[in-house]
Amino acid sequence: MRTKTCCLPTRRLTLRCAMCSTARACRRRSLMRCAVLKVTDIAGLVRGAADGAGLGNAFLSHIAAVDGIFHMVRAFEDADIAHVEVSVDPVRDLEIIAAELRAKDLAAVRRQIASVSVAKRGQDKPLNARCLIWEKIEAFLADGNDVRNGDWNPKEVDELNEMLLLSAKPVIVLVNLSERDYVRRKNKWLGKIKAWVDEHGGDPIIPLSCALEQRYAECATDEERAKLQEEVGAPSILNKIVTTGYHRLNLIHFFTSGADEVKCWTIRKGMRAPQAAGTIHTDFEEGFISADVHSFDDFKECGGNEAEVKKKGKLRQQGKAYVVQDGDIIFFKFAAKKGGKK
């Protein structure tokens, strides 16, 4: 099992640095802090994993530790690369993956229900209400549905957040094609995969060629990479994969900047200004007064000139109720703790 920290494409961050008040920030990438996505490569799941086959419980515990899942399925033929199911059939593979995760979830929910006696349920109304929710989740899973595709009310969501079920995690389907199929954008399985995915919740699908991505990764310079892309006629898709994974986790980012640095901070979509400030330092949240905010688009429109942003009335002072938007550039105002500590 390997883990890689991937930086999101830095177009906005790089431009923000280039427009920073000192040229030093433009020249030194070390003064930029980018948004990242941590990706863990977990060995493939096999039929019967929920009952211990293959890596079994070890595999499923690895999945339990992540926030979202890239499902990689194979859609190319190669006699030199064996498939655990002998033949290549990505739709079947998706069925196996989904069924094994549901089976593990179903076993976990049933254990939770069985842990509460009928007598105890009768004596404890709040506990009985929770058990009824567990039974609804059990029935939903038993019908062959993934938890993430259910329509749950707030109380049910609270229970699901505590249960951390595998089929509740957001999913992106990656379809590994041959280099030839990827370049020509054709493969006999793509239509079938899309039909299956649409029928099972409509998760994002991204075709790629691992063979081609390996060739790009082996390029020593940007020039060599650009030359290969021109020869092949198809770009690397890794940036799209990382960005899609980031947003699939319901993540956004905002910027803070000083005279010689620009930083990108990751938060959950829907987070309010004080909590966003808390990602920088807890004192910022506890002593939050207000936030001076302007959007990245307004900043760019004003040529990276913050004085021009203010002149055009684009700088807004926001209070505790403000919901931070993706790409906001923020200066937080907060009251220092007694004793002058910040």
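The values are calculated or read from the model by the stated rules, or taken from the named source; none is laboratory data. Remember, it's a predicted structure, so these values are computed and weren't measured experimentally. Positions of Cβ are generated from backbone atoms using ideal geometry, with glycine treated the same way; all protein chains shown enter the neighbour counts. Surface areas here come from the heavy atoms of the whole protein model, side chains and all, with no ligands, DNA or RNA. Shrake-Rupley method; radii C 1.70, N 1.55, O 1.52, S 1.80 Å.
Each residue in the stretch 93-107 was checked for being out of contact with any helix residue (DSSP H, G or I) (no Cβ under 7 Å at 6 or more places or on another chain) and closer than 22 Å to Glu179 by Cα, and 1 of them qualify. Taking the condition in contact with a helix residue (DSSP H, G or I) (Cβ under 7 Å, 6 or more places away or on another chain), open to solvent by less than 30 Å² (accessible area, probe 1.4 Å) and in contact (Cβ under 8 Å) with a residue 12 or more places away in the chain, does Val262 pass? Here the answer is yes, as Val262 does meet what is asked. Exactly one residue out of Ala114, Ala108 is open to solvent by 60 Å² or more (accessible area, probe 1.4 Å) and small (Gly, Ala, Ser), and it is Ala114. Out of the residues in the stretch 117-131 that are surrounded by 13 or more Cβ atoms within 10 Å (Cβ to Cβ) and either farther than 17 Å from Glu159 by Cα or not hydrophobic (A, V, I, L, M, F, W, C) (or both), state the one that is nearest to the chain's Cα centre (by Cα). Filtering the stretch 117-131 for residues that are surrounded by 13 or more Cβ atoms within 10 Å (Cβ to Cβ) and either farther than 17 Å from Glu159 by Cα or not hydrophobic (A, V, I, L, M, F, W, C) (or both), the one nearest to the chain's Cα centre (by Cα) comes out as Arg130. Of a type outside the set (Ser, Thr, Tyr), under 22 Å from Glu77 (Cα atoms) and within 21 Å of the chain's Cα centre (by Cα) - does that describe any residue in the stretch 175-188? Yes; the residues of the stretch 175-188 include at least one that is of a type outside the set (Ser, Thr, Tyr), under 22 Å from Glu77 (Cα atoms) and within 21 Å of the chain's Cα centre (by Cα).
Just one of the listed residues (Leu141, Leu164) is surrounded by fewer than 17 Cβ atoms within 10 Å (Cβ to Cβ) and aliphatic (A, V, I, L, M), and it is Leu164. Inspect all residues belonging to the stretch 213-230 and state whether any of them is of a type outside the set (Lys, Arg), surrounded by 15 or more Cβ atoms within 10 Å (Cβ to Cβ) and within 17 Å of the chain's Cα centre (by Cα). No, there is no match, as no residue in the stretch 213-230 is of a type outside the set (Lys, Arg), surrounded by 15 or more Cβ atoms within 10 Å (Cβ to Cβ) and within 17 Å of the chain's Cα centre (by Cα). Scanning the stretch 289-342 for residues that are assigned to a helix (DSSP H, G or I) and over 28 Å from the mean Cα position of the chain (by Cα), which turns out nearest to Cys264 (Cα to Cα)? The selected residue is Glu306. Looking only at the stretch 286-303, count every residue that is aliphatic (A, V, I, L, M) and either touching a helix residue (DSSP H, G or I) at 6+ places or on another chain (Cβ under 7 Å) or in contact (Cβ under 8 Å) with a residue 40 or more places away in the chain (or both) and tell me the total. Residues in the stretch 286-303 being aliphatic (A, V, I, L, M) and either touching a helix residue (DSSP H, G or I) at 6+ places or on another chain (Cβ under 7 Å) or in contact (Cβ under 8 Å) with a residue 40 or more places away in the chain (or both): 2 in total. Of the residues making up the stretch 189-200, not a single one is loosely packed, with under 15 Cβ neighbours inside 10 Å, modelled with pLDDT of 95 or more and assigned to a loop (DSSP other than H, G, I, E, B). Report yes if Ile241 is assigned to a helix (DSSP H, G or I) and among the aliphatic types (A, V, I, L, M), otherwise no. Against the criterion (assigned to a helix (DSSP H, G or I) and among the aliphatic types (A, V, I, L, M)), Ile241 qualifies. Just one of the listed residues (Val88, Val46, Val84, Val73) is modelled with pLDDT under 90, surrounded by 15 or more Cβ atoms within 10 Å (Cβ to Cβ) and not in a helix (DSSP H, G or I), and it is Val46. Among the residues of the stretch 211-238, just one is among the hydroxyl-bearing types (Ser, Thr, Tyr), assigned to a loop (DSSP other than H, G, I, E, B) and under 18 Å from Arg180 (Cα atoms), namely Ser236.
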